[in-house]
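The values are calculated or read from the model by the stated rules, or taken from the named source; none is laboratory data. Everything numeric here is computed off the predicted structure, so don't read it as measured data. Cβ placement follows ideal geometry from the backbone for every residue including glycine, while neighbour counts extend to all protein chains displayed. Only protein heavy atoms, including side chains, enter the accessible area calculation; ligands, DNA and RNA are left aside. Shrake-Rupley method; radii C 1.70, N 1.55, O 1.52, S 1.80 Å.
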Amino acid sequence: MVTAWAWAARSQQRDCSGAGLVLFRMSNQQGSIASTSAKPVKSESGKSQCIEEENFYRNCRAAYLTVFGTSLENITSKDQLCLVLQQAGRNPSRKTLGKYWTQYTKRLNFDDFCEIMKNEKLTGKNELMKAFKKLDLNNDGYITHEELYKVLTTKGEKMTHEEVKMIMDEADVNNDGKLDYNEFCKLFLATVETSQKTAVAKLEANAKIKQQQFGSLSAASPSSKSLLVASRNPETEIIPRKVESRLSSRPSSARSRRASISSAISMGATTTKSVKLMEPKAIKNWQHVWSKGCFFLEEDGGIVNHQYRLELHQTTNVFLTIRPLNLSQTEEKLSPWMNVDTALYVLRNAGGSEALEVVCATELREKEMFGWKGELRTGVYHLLPFTTGCRLRKRRKSVTRETRLVHRENGSLTLSKEFRAALSDIFEVIDLDGNGLLSFEEYNFFELRTSGEKCDSEAWAVCRENFDTKKNELTRQGFMDLNLMEANDREGDPRDLWVTLESMGYSKTLEMHEACPFVINIYAENSKLKLTPVSLEMGGSHLNSAICKSVISKGEAKAMKDYNNLVIHIYKTETQITSVIENKSETRLIVHVNNEQSKNCVSSRGLSIFAVEVAPRTTT
């Protein structure tokens, strides 16, 4: 799910005005609504970077369009992801694919593919040669067919007999039963390069044909804040042209030369002080339920979190809040995720149908807590926690010394002090009702997150028999012993333990950087209420729809200049700006956004220049 843009100011006191001079350029079909920088690019390094980005996105698009008919089509399976990565010259392993296509993944779009391409570099000759030399026992530059067949069909990711035979037939040019792996590496890399060139040539040829069909018109606007270029070319990549030295350094997933429109929209956080969150009087006498939960960051940048069902027995006034959960043991030092923005969307079924409608969302704020108060009718509600992702983002993996998880004392394995502390914090996060014990349901959320599978009742019974329990629920010590047993089963090998830790958001230094625990509190004045965690998943279409409807109903609408079918809805608070793109036309559009002039802001996209594709008659 993509919330078009959300900026969060680093400080309420700092200047948030002009929190995004955002320039849009739009064109029909798979032309683009693209951003252009208002300032000329002056430095040679900037030009070089621009060219690199242009080539990168062009190659991405060319590879994508060898598999799909349009960049609006989504990747819907792991096999499709593998195929399109191979078309782009990557050679993904099953483990690599598993990083990006998890149990929660249902689809990836073109932007997701580009992000994966940035992370997965092309395989070079040195890497290939290094791998082959490990198999070359004689160090003579050759590997026999028998040796290669044995390795490829029994080790690592096993290949079939037919796959190995195909490699040998292609690579053994001398028919001498040996593989000259130096020549094979050259052949492999040449094939990759040829495939990429063919894909790019096909893309450019299609663009020329369509340009001849539709014609080409262009004009430059005298305004320093916009560029007007016309094109109806639906699948064209454009190499930037010099137009008053003001062309964008933007990456582009699709560009065109006709019916293209630019607009500059200057945004700033609202200067009007919002109403602060205040507890109702006599709240101590109200009915109260609460639950913990957590936002988990996926490899592809998506966010998985707990979702809830709220049952109200009668119509009543309700006060609900959500805030990050502080796990720090010292008052002076708060947990690092306490500045992560949180929100809670409340939905219910509309008129007895399966369609969900937005009832309310937490917008009132007091420090790190967001809340809402008002009247809710009798019934069942769906509670969808949300964070923009502005402050919960993937961190670059730096080379650091790995914290030791286990060590031996008197011949027996023991959990290290640091690992025990991390496990204790994990226990606090997954103990959703805060009773100091893990129920079967709570433990299953943990299993689902760390292994992708649920624990059945028989396995849970074995767990209760072998580890410390209380009231048929697992104690903190029992949870520690369970992890120690896993370490013993692997004879001290920590790799499986690291899989658990990383899935819970921990780095190799045992710091929780890619997760944000939170706590929800709900008070009802005159009704019994029940709050139940029901799933651990991405917000999906329901959450995207809720955000879009909320912003459209409360925000300010700005139509693109000279194109009323594209509307940017902007909703501002003291510390955040959310934009929703509404495409009223019958053709798909691509929006390129340039936030390079923003200050005191962080973006949910993590990029100052990015593209968003909007299907006909939809909002994003």
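Brief remarks follow.
- T102/Q329 FRET efficiency (R0 25 Å; Cβ-Cβ; nearest 0.05): 0.20
- Using θ = phi - 60° and Karplus 6.51 cos²θ - 1.76 cosθ + 1.60, couplings along region 369-374 (whole Hz; Gly, Pro as x): 9, 10, x, 8, 9, x
- Inter-site label distance for K165 and T378 at 7 Å from Cα along Cβ, in nm: 7.2
- Nearest-0.05 FRET efficiency for H407 and K125, computed from C-beta distance (R0 30 Å): 0.15
- Our summary gives region 46-111 a relative contact order of 37 percent, counting only alpha carbon pairs under 8 angstrom and 6 or more residues apart.
- D562 versus N138: modelled label distance in nm, points set 7 Å from Cα along the beta carbon direction: 7.1
- Taking all protein chains together and a 1.4 Å probe, the residues E574, E73, E375 rank E375, E73, E574 from largest to smallest accessible area.
- Close amide H contacts of T315 (hydrogens built in the peptide plane, cut-off under 5 Å, sequence separation of 5 or more or a different chain): T378.
- Shown for region 405-492: the carbon plus sulfur share of the solvent-accessible area, taken with all protein chains present and a 1.4 angstrom probe, equals 42%.
- Average silhouette area of region 407-512, convex hull of alpha-carbon atoms, in square nanometres: 6.7
- Extension gain, E441 to N521, is 26.8 nm, computed as 0.36 nm per intervening residue step minus the present C-alpha separation.
- Accessible-area order (highest first, 1.4 angstrom probe) of the listed residues H592, H145, H313, H382: H313, H382, H145, H592
- Summarising the label geometry, the points placed 7 Å from Cα in the beta-carbon direction at V275 and N74 lie 3.7 nm from one another.
- Alpha-carbon Debye profile of region 556-614, log10 I(q)/I(0) at 0.22 Å⁻¹: -1.02
- Rolling a 1.4 Å probe across the protein heavy atoms gives region 407-512 an accessible surface of 51 Å² per residue.
- Along region 569-576 the Karplus relation, 6.51 cos²θ - 1.76 cosθ + 1.60 evaluated at θ = phi - 60°, assigns HN-Hα couplings of 9, 10, 10, 10, 10, 4, 10, 8 Hz to successive residues, with x for each Gly and Pro.
- Sorting E537, E298 on solvent-accessible area from highest to lowest, probe radius 1.4 Å, gives E537, E298.
- Here S424 and L364 are evaluated by their C-beta separation; at R0 = 25 Å the FRET efficiency comes out at 0.15.
- E120 contributes about 40 Å² of solvent-accessible surface, heavy atoms of the protein only, 1.4 Å probe.
- Set K125/K197; K276/K367; K292/K417; K118/K186; K367/K530 screened for pairs whose C-alpha atoms are more than 21 Å apart: K292/K417; K118/K186; K367/K530
- Residue-by-residue Karplus 3J(HN,Hα) for region 129-144, coefficients 6.51, -1.76, 1.60, Hz, glycine and proline x: 4, 4, 5, 5, 5, 5, 8, 8, 5, 8, 6, 10, x, 10, 10, 5
- Paramagnetic reach from S93 (point 7 Å along Cα→Cβ, amide N under 20 Å) across region 100-143: 100-103, 116-136
- Cut-off under 5 Å, modelled amide H: who pairs with L510 long-range: T403
- Gained length - T414 relative to E502, 0.36 nm times residue gap less alpha-carbon distance: 29.6 nm
- Compared with the alpha-carbon gap, the fully stretched path from N317 to E147 is longer by 53.8 nm at 0.36 nm per residue.
- In this structure region 556-614 gives 36 Å² per residue of accessible area when probed at 1.4 Å with all protein chains present.
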